[in-house]
1. Using every pair of alpha-carbon atoms in the range C:218-311, split the distances into 5 Å bins beginning at 0 and state the percent of pairs per bin, rounded to integers.
2. With the cut-off at 46 Å, report for the protein assembly as shown the share of all Cα pairs above it, as a whole percent.
3. With bins 10 Å wide starting at 0, give me the P(r) of the range C:385-450 over every alpha carbon pair, in whole percents.
4. For chain A, would you read off the P(r) tail past 29 Å as a percentage of all alpha carbon pairs?
5. Suppose we keep just the DSSP beta bridges with both residues in the protein assembly as shown; what percent of those would be antiparallel, to 5?
6. Apply the a/c threshold of 1.5 to the C-alpha gyration tensor of the range A:1-131 and tell me whether it is rounded, prolate or oblate.
7. Put +1 on the Cβ of each Lys and Arg and -1 on the Cβ of each Asp and Glu in the range A:79-461; which of A:L217, A:F123, A:T370 then has its Cα farthest toward the positive end of the dipole?
8. Spin-label point model (7 Å from Cα, Cβ direction): what's the A:D84 to A:A124 distance in nm?
Amino acid sequence: MTEPTIFDLSSPGRTGVTFPKPDVPHFDLPDESLLRDDLPLPEVAEVDVVRHYMALSKYNYSVDGGFYPLGSCTMKYNPKINEDTCRLPGFLFTHPLQPIETVQGNLLLMYQMQEWLKEISGFAAVTLQPAAGAHGEFCGVLMMRAYHKARGDDKRIKMLIPDAAHGTNPASAGMLGMTVKVIPSDARGNVDLDALRAECDDTVVGMMLTNPNTLGLFDENIEEVVKLVRNCGGLMYGDGANLNALLGIVRPGDLGFDVMHFNLHKTFAVPHGGGGPGSGPVGVSERLADFLPAPLVGILEDGEEDIPPLYGFVTPKHSIGRMKSFHGHFGGGLVRAYTYIAMHGPDGLRDISNYAVLNANYLAARLRGTFKIPFDRICMHEFVMEGRVEGSDVRALDISKRLMDYNFHPPTNYFPLIVREALMIEPTETENKDTLDRFADALIKIAGEAKADPDLVKTAPHTTPFGRMDEVRAARELVLCCWLPEGYDSEQ
Amino acid sequence: MSNTPSNLQYAKSDEWFDPATGKVGISDYAQGQLSDIVFMEITVGVGDDIEAGQAIASVESVKAASDVMSPVSGKVVAINEDLANAPENINSDPYGEAWFIQIEGGDGSGMMDAAAYEKYCEERAH
Amino acid sequence: MTYIPTSPKERDAMLETVGVKSLDALFEAVPAKYRFPKLNLPPALTEMEAASLLSELASSNENVRGDLVSFLGAGMYNHYVPSVVNHIISRGEFYTAYTPYQPEISQGTLQGIFEYQSLMTALTGMELSNASHYDGATAAAEAVNLAFAVFRGKRRKVVVSPTVHPQYRETIRTYTQGMDLAVAGDEADSDLQASPEVLLPLIDQDTALVIVQYPDFFGRVFDYTRLIEAAHAEGALVCVVANPTALALFKTPGAMGADIVVGEGQPLGLPMWYGGPSLGFFTTRKQYVHKMAGRLVGETVDSRGQKSYVLTLTAREQHIKREKATSNICTNQGLLALASAVYLSTIGKTGLQQVANLCYQKAHYAAAELSKIEGVGLCFSQPFFHEFAVCFPKPVSEINEHLLEHGILGGYDLGQDYPALEDHMLVAVTEMNSKEEIDLFVEVVKEVLS
């Protein structure tokens, strides 16, 4: 059974919410040539809208509904209190261009957030402006470019990126016309030092490294990697996607990284929203602090005993400019993450990583006998196994789809590219042992099914409201828009 | 197994070159690896002088994207304008309807012949 | 407090299965000298304490629903959001889901985005919409990326009208700094009174994209048809940055021939939230779909023959194309696109027309009343929507200070961005402003100037 679109539900003359009549004298609209003649929006009642979206919501799997072990995505539980704090009227209804004296609460929160993120990561300065991880990455790469340029070093065009990297890393470098050099991983899943050494020369902008990497492994030679890149004049970019493994464990700034983005929607429990909004603050070392995007929040006037300081905006000396309008994802991003960090404190943060890593290692231990785990050593917050079974032609994708029949969200498939039939599993710290056991049991059972009844697995899912989609048809027919009211012509 | 006509020459990056006509396309093996192709775009024009290894087109399937390189150097004398409207032909007829461009003055003698290319594909399957 | 459900007994059992003695033993790959830093952060709060701390922070702001009456816009507007919007997007099924990579169990999100795409094309008069960008400014910057990709980098100029939002122009400059691209047209001495055709001499065979705003930053409504025709004659594309509320009344950029229509979606049911997160909408023509960044949902059928939806043309995106992708965008504004879809569905055709008409009427009333004051005048004579520029015989900061004393958040000081518009204020009026509030605003201005 499928749900009609909101356009299908439209009935001419039906209305949802209406607005008051004008309380001012009438003013004529401009000449008709400047007006549109039709507005082809749906006409439905409020109850139609509620039932429609209620029906759609039931088709979704969610963290509130069950276990979501999507590797590199950190699908942890999103505390409900954050939903309330971020919707306090003082946050919801403040305009970004209000005089700073009227929004000291917002500015204090942002200032403290900068300070807290600096402390957690070991960086010298933080911008809260980027809207998401990839946006933060782009911001970081822009600063790396600006840093070299400011020193008059124009020949640096090469960005070093490990083969296990997220696609956003090369895409960010590509947006600035840099040449991407892929560095292979060695047999233990670390950056191959010889390959890295061979690429380290005076054309290197820097290296973009995710640590722990997308295999879930902490690079055992991290100090040597940083040294090699630094010695050739390059900068170290840290992809903060996997920060959930490092809270109170190690600070990327201490390891010698120059820049890193945070994913507040991963590490600090901002909900993913079915694909955003995220929030991607960026931390930098002293070397890059002057290049941060503008504006940052600073103290404009020091306070005294009974007078709080005055918070306001400041512009770094060699700022790369503005990444977006206004001040970043304040309400939905910063307020939620601020609430979350305030409730955890230093010990609570450390426990997040402790248990995220314990849960991943526990699942790996439960599954090791059934599935092959390449690069098998103590992992961090996630691990990657091969989604295939000896003696069966069932693939990782099939196993993923079959997991839905057991009411689990599948792991990340086919990533990283360096593992055959990869299944990347990140349980997060908010799952209990029973859930992890049920998940491991389901996977072990599916491995049995793959041999005994491969078709059952290859045609899964069977119990979900929808089966596998025809993705080729979607791409070839390219229907991107639903039915529009009769007589509507997009060319008019 | 893939179809590999013996009158063509093949590149390591999976393009074919027809020494008789100067036409260039991608091999049956390559289209199979990409799976269902939903978009293609030729990025050179008639009259362009191109080098071997230069990108001449990009191809996107449901799950992959790939650049197509020219296997030879020479001058582009024709491009297959119809292919962009029917990229699925790359899957169904990689050596016929789905030629990409035609090159004048190309020398394919350094490329693999059909037997060598088949062996090369087989090696990669393992 | 934390949200970790594991008991000490379970922890010990798990450690044993893993084969390590303690939690600390899991981290031996981390260099010892940097391992386990002591974080200097405030001690953990309970939920009750956190709720009270956050309430205190929030209430130390002056908000525009009770504390202040707002006439401030400049890219973000105080509109009424029907209750239903927040109720729908607060369902855990929507807000705690990930990007819909597994369509079998994500049809709610996918159909929601598909409907959002449909609503945005209906509003802008364009052929297709993506699933969203971060905000209006980054959507405008992505329009440059699209145009750059369409011409494969061979056209190296972007012409931007000086009446595009200053922060959007800054963002475009940030995005393009590695692209060897010239951004022209918005020089400090630009003639702000001129018609849009003033840009024509700059548009040539090297121009990839022309960007204009509709209504422009000063609230003015221009028909860009002639400009677009002329740009097309040079082979350039045109991007219109549009206010979505205005599109309920005014001719669509699609009808004017625009190639790309982007804008800030915040007026469509989103709170101002001190500037974000909001929503960047991005619509274009079918022929450019492969060069467009961002996610896209398409209709298909499932293995049981049911109509359903999937993310489509994903091979354009960064996770497959990597350094050759048009953009690196990954996470976008999914939930807020859904909020806008719920808003547009609930208020519908009639509601959006009512909102737009109320904005228009009240803004014109405010403009008429203000211009009756001696020494005060409207800067421009062209038609406007819900925002207009007024010139005062005194600095805007002085007037705003006085307004604030009366609980009024005055308009935007245009002198900050336009030296020629010193003492000019950009005033925004929406359906939220009553006649009494407008009258009070006018009274206080009179008082300051007398």
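1. Binned Cα distances yield the sequence 2, 11, 17, 17, 17, 15, 10, 7, 3, 1, 0.
2. 30
3. In whole percents, the pair-distance histogram is 21, 56, 22, 1.
4. Values: 70843 of 120786 pairs.
Beyond 29 Å sits 59 percent of the P(r) for chain A.
5. 65
6. Judged from the Cα gyration tensor, the range A:1-131 comes out oblate (a/c at least 1.5, b/c at or above a/b).
7. A:T370
8. For the pair A:D84/A:A124, the computed spacing is 4.2 nm.
Every number in this text was worked out from the coordinates using simple rules, so none of it is lab data. In this text, all values refer to a predicted model and were calculated from it rather than measured experimentally. Don't worry about glycine lacking a Cβ; one is built from the backbone with ideal geometry, like all the others, and counts go over all protein chains shown.
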